[in-house]
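The values are calculated or read from the model by the stated rules, or taken from the named source; none is laboratory data. Given the structure is predicted, the values throughout are model-derived calculations rather than measurements. Cβ atoms come from the backbone with ideal geometry, glycine included; neighbour counts cover every protein chain shown. Note: areas computed on protein heavy atoms with side chains; ligands, DNA, RNA excluded. Shrake-Rupley method; radii C 1.70, N 1.55, O 1.52, S 1.80 Å.
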Amino acid sequence: MNELQNVVFTPAHLDCRARAHEIARRYLLPQAARHDRDHSYNEDAMRAAAEAGLLGTWIPKEYGGSGIGILGLSLIVEEFSKADPAFGVAFAVNALGSIPLLMGGTDEQKQRYLPRVATGELACAFALSEKFAGSDAGGLAVRAEKVDGGYRIHGEKKWTTNGSRASLIMCFAVTDPTSKSRRISAFVVEKGDPGFSIRKEENKMGIRMVPVCETAYDNVFVPDDRLIGGKPGMGFKHSMMTLDWARPGVAAQAVGTAAGALELATTYATRRKQFGQAIASFQMIQAMLADMAMQTEAARWLVYMCAAQADAGVSVNKTAAMAKCFAADTAMKVATDAVQVFGGYGFMEDYPIAKFFRDAKILQIYEGTNQVQRMVIARNLVKEAAEHDYLAEFIPFETQETFVDQPLESVNL
Ligand code: CAA
């Protein structure tokens with residue numbers, strides 16, 4: 001971190017980051033390996049985060065949060081993820097699972113739930129993906145049928161992070177199968193709702209501390225006042241808007257993962273001796289460390305820029321996709337190189353770096369694969385190119401003819 005932080009961040013941001021750092025030192029570093037091995041949740045750390053008032057950072061003050069926005073969330077998640085990337089997502093998923101309410105909920109719904117999310121009393125999950133609808137988020141099969149006084153939800157969701165711990169599950173379901181753009185609605189399912197159950201907890205390669213589940217809905221009744229926004233058909237839009245806002249959080253998890261791996265690699269390289277000297281004195285190791293540091297720092301400031309844009313109310317559709325994609329690819333690359341610096345020891349589970357390598361992989365997959373992020377970025381670029389007439393006139397005539405033959409609208413998005 002550099003001096004710029006005092007210009008970019010408020011004292012409240014810096015204070016939250018310092019509190020997150022302390023929690024990471026006390027509860028994550030010493031316990032991360034055990035929770036990973038046992039697939040057990042780090043209750044101590046989550047309790048400490050709640051007591052430190054960190055769980056409501058993305059929630060506005062009027063709904064009981066501290067109102068330091070997505071940038072505050074990103075700083076905290078980065079700090080946690082440096083020590084334990086799995087805890088980074090265990091924390092950030094509460095934002096992903098409550099942002100649908102922030103984005104689309106009625107004032108009454110926000111008042112009912114958000115203050116209790118901010119204290120940590122209610123944990124959240126986001127149930128969008130299904131067995132046959134992952135990247136194609138519009139292709140959901142889970143149905144919510146209108147009945148007297150509410151809806152009955154039926155079907156199964158896949159990859160529900162925090163599913164077995166959450167008190168509130170934002171469930172996206174089809175309310176109008178005949179509609180193209182208004183097929184889906186979002187509902188708040190509460191843990192104790194009859195018919196709601198956990199079908200399976202997944203056995204994962206990484207982020208083992210946090211449960212990822214199949215959640216099942218056997219004709220779960222939800223009253224009308226749990227339809228998010230009170231109007232059916234808005235679910236797909238709400239899910240996309242939520243992902244735009246939540247992606248800086250997962251990107252921050254990636255920055256923390258890269259930063260944690262880099263710190264471990266530099267610490268090791270300055271202490272491990274070969275040929276009579278620390279391996280950090282070899283130029284090939286130095287070049288690797290320098291590249292890892294450059295990539296991590298570039299990802300970090302892309303994430304901060306995107307988070308600050310979200311807080312300023314600017315559309316982040318493109319920058320969130322960029323931040324998520326670049327930071328996740330960086331985390332995977334840096335964690336891989338960090339294992340290389342550790343040599344044979346890096347391949348052993350006795351050493352902490354193997355876990356970073358395993359934890360990094362999911363970052364390129366969840367909250368939208370990096371292929372989907374590149375598609376979102378490209379779609380934005382193509383749309384922006386429609387404004388580029390002032391540049392088109394400088395492109396030679398032959399190519400202009402191609403423009404005439406193939407107008408921008410014909411680009412397959
Ligand atoms: N904000 C607001 N509205 C949006 C939007 C956005 N960012 N993106 C799309 N929309 C609107 C469009 O304007 C359009 O509206 P109209 O019908 O009114 O015109 C409508 O939504 C459909 O948009 P598209 O035609 O662009 O939709 P598409 O079917 O082509 O899908 C997609 C686009 C980007 C691929 C999308 O399906 C997507 O993001 N897929 C990835 C899903 C994803 O990220 N899943 C991860 C789940 S969470 C997770 O992993 C979890 C975890 O637990 C940690």
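Once you sort the root eigenvalues of the Cα gyration tensor of region 11-123 as a ≥ b ≥ c, which label holds: rounded (a/c under 1.5), prolate (a/b larger than b/c) or oblate (the other case)? Prolate.
If you place +1 on the Cβ of every Lys and Arg and -1 on the Cβ of every Asp and Glu, how big does the dipole about the Cα centre of the chain come out, in debye to the nearest 20? Before the final figure, lay out each step's value.
Numbers: 44 positive and 48 negative charges, 211 e Å.
Charge dipole, the chain, about its Cα centre: 1020 debye, nearest 20.
Dipole magnitude for region 261-381: about 160 debye, using +1 per Lys or Arg Cβ and -1 per Asp or Glu Cβ, origin at the Cα centre.
Shown in residue order for region 339-350 are the 3J(HN,Hα) couplings computed by the Karplus curve 6.51 cos²θ - 1.76 cosθ + 1.60 at θ = phi - 60°: 4, 4, 4, 6, x, x, 5, x, 7, 9, 6, 5 Hz (x for Gly and Pro). Taking amide hydrogens as placed 1.01 Å from N in the peptide plane, the amide H of G67 sits under 5 Å from those of I59, K61, each at least 5 positions away in sequence or on another chain. Annotation: lysines with alpha-carbon distance below 27 angstrom to K191 (same-chain offsets under eight excluded): K61, K110, K131, K146, K157, K158, K200, K204, K231, K237. With protein chains left intact and a 1.4 Å probe, residues in the chain average 46 Å² of accessible area per residue. Placing +1 on each Lys and Arg Cβ and -1 on each Asp and Glu Cβ, with no other charges, gives region 247-313 a dipole about its Cα centre of roughly 260 debye. Any idea how far the Cα center of region 300-349 sits from the one of region 80-153, in Å? That distance is 23 Å.
Annotation note: trypsin sites (Lys or Arg not before Pro) in region 180-286 located in DSSP loop regions with a Cβ neighbour count of at most 10 within 10 Å are K180. Taking the 1.4 Å solvent-accessible surface of the chain as the whole, the part contributed by carbon and sulfur is 56%. When region 174-312 is described by a simple charge dipole with +1 on each Lys and Arg Cβ and -1 on each Asp and Glu Cβ, the residue from A261, N203, Q309 located farthest towards its positive end is A261. Highest mobility in the GNM of the chain, judged by mean-square fluctuation with C-alpha springs under 10 Å and restricted to G276, G235, G260, is found for G276.
Neighbours of D291 by Cβ distance under 10 Å: Lys/Arg scored +1, Asp/Glu scored -1, total 0.
Each of S164, G134, V222 was scored by the projection of its Cα onto the charge dipole of region 125-233, and the greatest displacement toward the positive side belongs to G134; charges sit on the C-beta of Lys, Arg, Asp and Glu. Bridge orientation summary for the chain: considering DSSP beta bridges with both residues in this region, about 85 percent are antiparallel. Taking the charge dipole of the chain about its Cα centre, with +1 at Lys and Arg Cβ atoms and -1 at Asp and Glu Cβ atoms, the residue from Y63, I353, Q373 reaching farthest to the positive side is I353.
Within region 96-181, the GluC sites (Glu not before Pro) that combine a DSSP coil assignment with at most 16 other C-beta atoms in a 10 angstrom radius are E121. The GluC sites (Glu not before Pro) of region 1-95 that meet both conditions, a loop assignment by DSSP and at most 11 other Cβ atoms within 10 Å of the site Cβ, are E3.
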